[in-house]
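Student: Dropping the structure in here first, questions after.
What follows draws every value from the coordinates through simple rules; no lab data is involved. Computed from a predicted structure; not experimentally measured. Glycine also receives a Cβ, built like all others from the backbone with ideal geometry; neighbour counts cover every protein chain displayed.
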Amino acid sequence: MDLTANEAEEVVRAECRAWLEENLPWDYGTGLPPRFEDLAEEVAFGRRWQALLAEGRWVGLAWPEEYGGRSAGPLVNFVVTEELARARAPELVGRIGVNLVGPTLLAHGTDDQRSRWLPEILSAGHLWCQLFSEPGAGSDLASLSTRATRDDAAGGWHLDGQKVWTSYAQFADFGLCLARTDPDAPRHHGISALAVDMHAPGVEVRPLVQSTGEAEFNEVFFDGAFVPDEHLIGPVNEGWRVSQSTLGHERGVNPRQLVIHVQHLEELLRLAQATGAFDDVRLRRQLASAYTEIKLFQLHNWRSLTKLASGREPGPEGSALKLYWSEASQRLHATALDVLGDDAPLWRGADGLAGDGEWQRSWLYYLSSSIFAGTNEIQRNILGERVLGLPREPRPKEPST
């Protein structure tokens, strides 16, 4: 594993830092991005910020230049992600498109699909959502029941079914959807990947209010929504293979969560300093553990990046990274509430230091980190079966007729 950036990567780091100092809408090094009570306002700001980043070519750096990237390696992308974290930049509002849909299109899309969608993904001109999970098919994705029925006369497919836990679906222009196109095929076959126009007739989005009081998750219902043939990604009935590219990137190198948790760690240490938490031996140990775990998260990312830099794709080992950071995150947030002490049950920070319930809201959100992107139980199965070569988990017997 190579832990050092080469000269070219350090040049990019300096260039990115100089660009941020000139273009950040807040003071570099000391300021913070604006906070919004209204999710729509936050998304609108995020689109403007991502468009500015894309104009400077700081989004999708590993993508080919013809689609708006820099044809740079994954280590360059990681260096830029580190600089964005130092600048306190918010995560990309179009992260589903940039981190998941874009790599999937580069691997499986047609030339026309790439030319049409990739530049708009980078600039947040189009926001995408991920239409995989269903009420009866979350971690067991192969049991999905959303159906795409062929319409030869119209040259496309009609979608019927339901998806759930779909982040930012109410703001999305397109969704990457898995649907069953051959109901008679075995579980992992007969599934196709489709790009759904989220504004098309027959698509209904219903926000779900979370325990944080926010509603970034949604239910999505399809009632005969039409998807033209040119929106089919990869061959018909090979959507499971396409989805593995998407999930490999979702669970593999995770600069998004690394940025967030580096920022959380810095805020936690500042809060501990201000509240005198370092004087408590027990809290001091917890804070040291939190610091160590986030640093290990960075090293896990470097290991995966070294693999990518050598031309290999993310594999099932990405499950180890997802498993690690999600559980480390929950421990970090538990430590944050311990540092808040008597203020922990209140929707505010200690002496106003943490903002209006910032830590409480984040703690509630990351309780779900062991569920989203594939439950940690599923990640352990993947590691056991595909990495360690252990016997497969027994499947329940089909009911007799």
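Student: Would you mind checking which residues have amide H under 5 Å from Leu208's amide H? H placed 1.01 Å from N; only 5 or more apart, or other chain.
Tutor: Phe217, Asn218, Glu219
Student: What is the order of Trp26, Trp117, fewest Cβ neighbours within 10 Å to most?
Tutor: Ascending Cβ contact count within 10 Å gives the list Trp26, Trp117.
Student: If you take every residue apart from Gly384 with its C-beta less than 12 Å away from the C-beta of Gly384, what net charge results, scoring Lys and Arg +1 and Asp and Glu -1?
Tutor: Local net charge: 0.
Student: Another one. Rank Leu144, Gly109, Gln298 by how far each Cα sits towards the positive end of the charge dipole of the chain (+1 on Lys, Arg Cβ; -1 on Asp, Glu Cβ) and give me just the farthest.
Tutor: Gln298
Student: For Tyr324, Tyr366, which order do you get if you count the other beta carbons within 10 Å of each Cβ and list the fewest first?
Tutor: Listing Tyr324, Tyr366 from fewest to most nearby Cβ atoms yields Tyr324, Tyr366.
Student: Further question on the same structure: Order of 167-177, 55-65 by packing, highest average Cβ count within 10 Å first?
Tutor: For the peptides 167-177, 55-65, the packing ranking is 167-177, 55-65.
Student: Subtracting the Cα-Cα distance from 0.36 nm times the residue separation, let me have the gained length for Ala185 to Arg303 in nm, one decimal.
Tutor: 38.7 nm
Student: When only alpha-carbon atoms are used, what values of Rg and Dmax, in angstrom, describe the stretch 7-93?
Tutor: Computed over the Cα atoms of the stretch 7-93, radius of gyration and Dmax are 13.3, 43 Å.
Student: Pick from Lys295, Lys322, Lys163: which residue has the top mean-square fluctuation in a GNM of the chain where Cα pairs under 10 Å get a spring?
Tutor: Largest GNM mean-square fluctuation: Lys295.
Student: Binned at 10 Å from 0, what are the whole-percent values of the Cα-Cα distance distribution for the stretch 103-154, short to long?
Tutor: Spelled out per bin, shortest first, that is 19, 30, 41, 10.
Student: May I pose another question? Order these peptides, 92-98, 223-229, by their mean beta-carbon neighbour count within 10 angstrom, highest first.
Tutor: Most protected by this proxy first, the peptides run 92-98, 223-229.
Student: Roughly what angle does helix 255-275 make with the longest principal axis of the chain, taking Cα atoms, 0 to 90 degrees, to the nearest 10?
Tutor: It works out to around 30 degrees.
Student: What does the C-alpha gyration tensor say about the overall shape of the chain? Classify as rounded when a/c is under 1.5, otherwise prolate if a/b is larger than b/c, or oblate.
Tutor: Note, shape of the chain comes out prolate.
Student: GNM on the chain, C-alpha springs below 10 Å: top fluctuator among Ser289, Ser369, Ser192?
Tutor: Among Ser289, Ser369, Ser192, the largest mean-square fluctuation in the Gaussian network model of the chain belongs to Ser289.
Student: Right, another one. Based on the Cβ-Cβ distance from Asp342 to Arg392, what FRET efficiency comes out when R0 is 45 Å, to the nearest 0.05?
Tutor: So, using R0 = 45 Å, E works out to roughly 0.35.
Student: Using only Cα atoms, find the angle between the long axis of helix 39-55 and the longest principal axis of the chain, and express it within 0 to 90 degrees, rounded to the nearest 10.
Tutor: 90 degrees
Student: Moving on to the next point. Evaluate the relative contact order of the chain (contact order divided by residue number), counting alpha-carbon pairs under 8 angstrom at least 6 apart; express in whole percent.
Tutor: 13 percent
Student: Lys and Arg at +1, Asp and Glu at -1: add these up for the other residues within a Cβ distance under 14 Å of Leu118 and post the number.
Tutor: After counting each charged neighbour, the total is -2.
Student: With the contact rule set at Cα under 8 Å and sequence spacing of 6 or more, what percent relative contact order holds for the stretch 7-93?
Tutor: Averaging sequence separation for qualifying contacts and normalising by length gives 35 percent for the stretch 7-93.
Student: So, one more: Using Cα springs under 10 Å in a Gaussian network model of the chain, which residue among Pro207, Pro183, Pro34 shows the largest mean-square fluctuation?
Tutor: In the Gaussian network model the winner is Pro34.
Student: In deg cm²/dmol, rounded to 500, what helix-only [θ] at 222 nm does the chain give when every DSSP H run of at least 4 residues adds -39500 (n - 2.57) and the total is split over its residues?
Tutor: That comes out to -14000 deg cm²/dmol.
Student: How would you order 75-87, 8-20, 261-273 from highest to lowest mean count of nearby Cβ atoms within 10 Å?
Tutor: Most protected by this proxy first, the peptides run 75-87, 261-273, 8-20.
Student: Helix 111-123 against the longest principal axis of the chain: what's the angle in degrees, Cα atoms only, rounded to the nearest 10?
Tutor: For helix 111-123, the angle is close to 30 degrees.
Student: What is the stretch 128-239's relative contact order, in percent, from Cα pairs under 8 angstrom and six or more apart in sequence?
Tutor: 30 percent
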